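My questions all concern the structure below.
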Amino acid sequence: MTVPNLQVAPDASGTSASSSSGGLSSREAAQRLARDGANVLPAPRPAPLWRRIVTQLRDPLVLVLLAAAAFTLATADFTDAAVILLVIVVNTTVGVLQEIKAERAITALSAMTAPAARVIRNGQQGEVPAADLVVDDLLVLAEGDVVPADARVVESVALLVDEAALTGESAPVDKTTGADPPADASTRVSAGTVVVRGRGQAVITATGAASALGRIAAMLVTAPELTPLQRRLAGVGRQLAVGSLLLCTAVLALGLVRGQPLQLMIITAISLVVAAVPESLPAVVTLSLALGARRMTARHAVIRRLPAVETLGSVTILATDKTGTLTEGTMVVRRLWTAHGDASVSGSGFAPDGRIHRDGADVSADQAPDLQELLRAAVLCNDASLRAPGPGDDWLAVGDPTEAALLTAGGKLGIDVAATQQAAPRAGEAPFDSDRKRMSTAHRLPGGHLRIVCKGAPESLLTPEILADPPDLLRRAADRAETFAAGGYRVLAVAQADRDTVPADAAGFEQGLRLLGLVAILDPPRASAAATIAACRDAGITPVLITGDHPATAAAIAVELGIIAAGDEAVDCRTTEPGPAAARGVRVFARATPQQKVAIIDALRSAGEVVAMTGDGVNDGPALHRADIGVAMGKRGTEVARQAADLVLADDELGTVVAAAEEGRRVYANIRRFLLYALSGGAAEIAVMLAGPFAGLPLPLLPAQILWINLVTHGVPGLAMGSEPADPAAMRRPPRPPAETVLGAGLWQRILRVGAVISVVTVGVGWWAHATDRPWQTLTFLALGLTQLAVAVGSRARPGSRANPMLFAAVGIALLLQLAAIYAPPLRELLGTTPVTAADLLIVAAVATLGYAAIRLDRRIHPAPETGAGLTPKRLS
């Protein structure tokens, strides 16, 4: 005899909704569909291509480049103009393509809706497209179904729903019948969740944009924000635009005062503007980001938006989900308790590989009969099953993951699950329901006897009405269960008794039982999670846990991984506003809704933090979208999370974020390295034009010579700087302050110092050549170019090593081009140069090495934060 766990909600007339209603009529459903619209998520209208392009071109640095291109066209330097315009086109194209890819999040949300659904219409059950569902349709739900819309449960037979993707709750949730409107979450099912056990019927209450998925989709429709790098480079662009115009105006005025022709000085001033603007910067940034993205891909981190590469290096807060991110995302038995004592269980996942430990030693079934009896009963009172893996796969749970964990624990003790269940076939049951919080089964034993097995929540099972054990044992068991629960475990009590016949009802099953023990189940931390959290702290990145799970579970995991100290509590977002708590420095948030996750991210960002958010569920989508960088799990994560994120972890390992952060810091250091090189050269060129006349050089350089030096030195060598390796100490230092500009931390002072050395060497060579009747303008041109190339060699991250051979090759090419400008007749005619003797060439080359010495010495005398001097690792609470 089987006693079904059937719950039916009464309607207003006192009859059941399932019996009194045959569902909507086809006509009524069609009318509602026409009135309310399809059960799909509204897709945002895509921005036209021209608007995307204009958005990219409004970047201040790009505007400066456009002005530079216009100036070079005005001087008829079509080659340089073409290079600048090509950089702009490539940069804009990449930006537009990345923006288009980022808009796929809403499409992914639509894909989460089940393509078809079973409903009762006109009194008959049938299948209709999920898009055609309307409010008040009567859904039919069964194991494995994806819930297609928000609904109120009106019939429940052991209905268990996995809501992890939507809420972050690690354990499936039992669903019972409820009144209209639904009284609480236990009587509601939401779009996008999955039925893992049982069956039921539910009346749809919300579809499309009004559903849970629709509300999350609305939170994803926000304008994309600038990354920290984009904000910093925008500031550099404005500074360069203003500074270069002022200085070049000064050169123009000085030349006119000294009697130089107006047309010549206008062209010279325009050339200096071009020289002052590092037009290779967007190309260097794009190349650095692309190389970083490629290196991250090799380390299982897939970049969806190129600027996110650098953003990782700026991160000060790593906000992470729990289930499937810090934890394995599978339920595992970790502790056992019987009247004879405790035992611990090792192993991970659903594979029956592991050991049972008691009193410091492994035990088998024969050595621990009390544990064998406990787990054998748990194997019998069980509706789940385990599926053995295929090649390259893991063990899979079929049914309730909690029950599957009990089967795995039995296998670890040596119990043959299949043989045990075959030897004691089920003869009856009282299925689990949320009122009793228990499940009971009857099994036919060899010889004809019946064994009753009951498992359930300790508070519902450890009572004299059910158990015949002494009160002292019940108190001990209740205290141990409370201790387990405080540690974040999900606790089940198991009891059994023998009968002669199958009981007629649940009350008959659940009385006079004998307690076998307690089973403590946990979604355990990943093996690498603790090391990852420690690495984050070493790098000055503060970990913050944000989950929809229970506060005790969140706090236990956070303490175990070192996110908070023992005794610290998690904030329950149901009773505390999470935004102000985040601003106060709280580090663990439990029971957080998608809206509250966004509020936490906003509060952290408002406090000046650069936030990376990791997650895998639908409920994480808005927070991933809102964070400075969203990080999604590639294997376990939902498509919604992947499409809302900037970075996808192909291996689902949080430690990959730390490796990716190292790449981000490398990219940012290389961008600053290029800025030092390019801006010091540009500043030197302006200084030479300003100081040259005072040294007796009427016009130190011709406009064509300025543009040539700019093209040769900033082109290939500048791009090669994007491949410089990371500083070995990069991840042992804190991230740069969020408010720091890209020229901060002493970089602009270094630019001035190095630029001063380049200009002194150049003017000095020109003065010497002029005083000795040598071709002073050509030698000035040669000295300026060679000294800048020497600075490029001295800018290496690891001088003395063989790292980045591209830079040596690039400097070699630039050197040959600089010499060709002096010795190749066509270029001599174009640039106005004259050949110099080998002796003069060697003298200038020797003096130019002062550029290398200057930048190396400057790094020693004025160590900047990126060198690691004077810094200690930052440990944040």
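The values are calculated or read from the model by the stated rules, or taken from the named source; none is laboratory data. Here the structure is a predicted model, which is why all the values come from computation and not from measurement. Virtual Cβ from ideal backbone geometry, glycine too; neighbours counted across all protein chains shown.
I want to confirm something. Restricting to the range 121-178 and keeping residues that are buried (at least 24 other Cβ atoms within 10 Å of the Cβ), more than 36 Å from the chain's Cα centre (by Cα) and among the polar types (S, T, N, Q), which single residue is modelled with the highest pLDDT?
For the range 121-178, the residue satisfying everything is Ser156.
Going through the range 732-761 one residue at a time, which ones are buried (at least 20 other Cβ atoms within 10 Å of the Cβ) and farther than 30 Å from Thr849 by Cα?
Result: Arg733, Pro735, Arg736.
On to the next question. Kindly list the number of the only condition in (1) out of contact with any Gly (no Cβ under 8 Å at 6 or more places or on another chain); (2) at negative phi that fails for Ile533.
Of everything listed in (1) out of contact with any Gly (no Cβ under 8 Å at 6 or more places or on another chain); (2) at negative phi, Ile533 misses just condition (1).
Right, something else. Under 30 Å from Gly585 (Cβ atoms) and touching a residue at least 40 places away in the same chain (Cβ under 8 Å) - does that describe any residue in the range 328-341?
Yes, there is a match, as at least one residue in the range 328-341 is under 30 Å from Gly585 (Cβ atoms) and touching a residue at least 40 places away in the same chain (Cβ under 8 Å).
Of the conditions (1) buried (at least 24 other Cβ atoms within 10 Å of the Cβ); (2) assigned to a helix (DSSP H, G or I); (3) more than 18 Å from the chain's Cα centre (by Cα), Arg672 fails just one. Which one is it?
(1)
Please give the number of the condition Ser801 fails out of (1) at pLDDT 90 or above; (2) part of a loop (DSSP other than H, G, I, E, B); (3) of a type in the set (Gly, Ala, Ser).
That leaves (1) as the condition not met.
Let me ask another. Every residue in the range 141-158 that is assigned to a strand (DSSP E or B) and either touching an Asp or Glu at 6+ places or on another chain (Cβ under 6 Å) or closer than 20 Å to Leu213 by Cβ (or both), please.
Leu141, Val146, Asp150, Ala151, Arg152, Val153
In addition: Scan Val712, Val742 and give me the residue that is of a type in the set (Val, Ile, Thr) and part of a loop (DSSP other than H, G, I, E, B).
After applying the criteria, what remains is Val742.
If the requirement is being acidic (Asp, Glu), at pLDDT below 90 and under 21 Å from Arg335 (Cβ atoms), which of these qualifies: Asp549, Asp479?
Going through Asp549, Asp479 in turn, the sole match is Asp549.
Out of Ala623, Ala644, Ala627, I need the residue that is closer than 17 Å to Ala308 by Cα and modelled with pLDDT under 75. Which one?
None of the others qualify; the one that does is Ala644.
Additional query: Asp727 is checked against (1) among the acidic types (Asp, Glu); (2) more than 34 Å from the chain's Cα centre (by Cα); (3) surrounded by 15 or more Cβ atoms within 10 Å (Cβ to Cβ) and fails just one. What number does that condition carry?
With respect to (1) among the acidic types (Asp, Glu); (2) more than 34 Å from the chain's Cα centre (by Cα); (3) surrounded by 15 or more Cβ atoms within 10 Å (Cβ to Cβ), Asp727 is out only on (2).
Quickly run through the range 447-479 and pick out the residues that are surrounded by 19 or more Cβ atoms within 10 Å (Cβ to Cβ) and under 26 Å from Pro551 (Cβ atoms).
Passing the criteria: Lys455, Gly456, Pro458, Leu461, Leu462, Ala477.
Go through the residues of the range 370-378 one by one and say whether even a single one is part of a loop (DSSP other than H, G, I, E, B) and in the same structural domain as Arg438 (by TED's automatic domain parsing).
Among the residues of the range 370-378, not one is part of a loop (DSSP other than H, G, I, E, B) and in the same structural domain as Arg438 (by TED's automatic domain parsing), which makes the answer no.
Turning to a different aspect of this structure: Taking the range 565-595 as the search range and keeping residues that are touching a Cys at 6+ places or on another chain (Cβ under 7 Å) and crowded, with 23+ Cβ neighbours inside 10 Å, which one is nearest to Leu545 (Cα to Cα)?
My answer is Phe589.
Which ones in the range 421-436 are among the charged types (D, E, K, R) and within 44 Å of the chain's Cα centre (by Cα)?
Hits for the range 421-436 are Asp433, Asp435, Arg436.
When the residues of the range 517-549 are narrowed to those that are in a loop (DSSP other than H, G, I, E, B) and in contact with a strand residue (DSSP E or B) (Cβ under 7 Å, 6 or more places away or on another chain), which ends up farthest from Ala477 (Cα to Cα)?
Ile541
Okay, next question. Condition check: hydrophobic (A, V, I, L, M, F, W, C) and either in the same structural domain as Thr575 (by TED's automatic domain parsing) or part of a loop (DSSP other than H, G, I, E, B) (or both). Does Ala485 satisfy that?
no
Can you tell me which condition Gln749 does not meet? The list is (1) of a type in the set (S, T, N, Q); (2) out of contact with any His (no Cβ under 8 Å at 6 or more places or on another chain); (3) more than 27 Å from Ala74 (Cβ to Cβ), and all the others hold.
(2)
Give Ala397, Ala319, Ala404 a once-over and let me know the one that is closer than 30 Å to Leu513 by Cβ, surrounded by 20 or more Cβ atoms within 10 Å (Cβ to Cβ) and in contact with a helix residue (DSSP H, G or I) (Cβ under 8 Å, 6 or more places away or on another chain).
Exactly one of Ala397, Ala319, Ala404 is closer than 30 Å to Leu513 by Cβ, surrounded by 20 or more Cβ atoms within 10 Å (Cβ to Cβ) and in contact with a helix residue (DSSP H, G or I) (Cβ under 8 Å, 6 or more places away or on another chain), namely Ala397.
Something else: List pairs: first in the range 765-794 and in the same structural domain as Gly755 (by TED's automatic domain parsing), second crowded, with 20+ Cβ neighbours inside 10 Å and among the acidic types (Asp, Glu), Cβ under 6 Å, 6+ apart or cross-chain?
none
Are any residues in the range 124-137 in a strand (DSSP E or B), in contact (Cβ under 8 Å) with a residue 24 or more places away in the chain and closer than 22 Å to Ala209 by Cβ, and if so, which ones?
If the condition is that a residue be in a strand (DSSP E or B), in contact (Cβ under 8 Å) with a residue 24 or more places away in the chain and closer than 22 Å to Ala209 by Cβ, then no residue fits.
Six or more apart or on different chains, Cβ under 7 Å: which pairs go from a residue in the range 561-583 that's more than 18 Å from Ile601 (Cα to Cα) to one that's assigned to a strand (DSSP E or B) and not acidic (Asp, Glu)? Could you list them?
Cβ pairs passing all conditions: Leu561/Pro525; Ile564/Val588.
Which ones in the range 715-739 are of a type outside the set (Lys, Arg) and assigned to a helix (DSSP H, G or I)?
Val716, Pro717, Gly718, Leu719, Ala720, Met721, Gly722, Ser723, Ala730, Met731
Out of the range 339-382, which residues are within 22 Å of Ala423 (Cβ to Cβ) and of a type in the set (Gly, Ala, Ser)?
Ser364, Ala365, Ala368, Ala377, Ala378
Related question: Could you tell me how many of the residues in the range 691-725 are among the polar types (S, T, N, Q) and over 26 Å from Arg798 (Cα atoms)?
Of the residues in the range 691-725, 1 are among the polar types (S, T, N, Q) and over 26 Å from Arg798 (Cα atoms).
It is to be established whether one or more residues within the range 206-220 are in a strand (DSSP E or B) and either modelled with pLDDT under 65 or on the phi < 0 side of the Ramachandran plot (or both).
Looking through the range 206-220, at least one residue is in a strand (DSSP E or B) and either modelled with pLDDT under 65 or on the phi < 0 side of the Ramachandran plot (or both).
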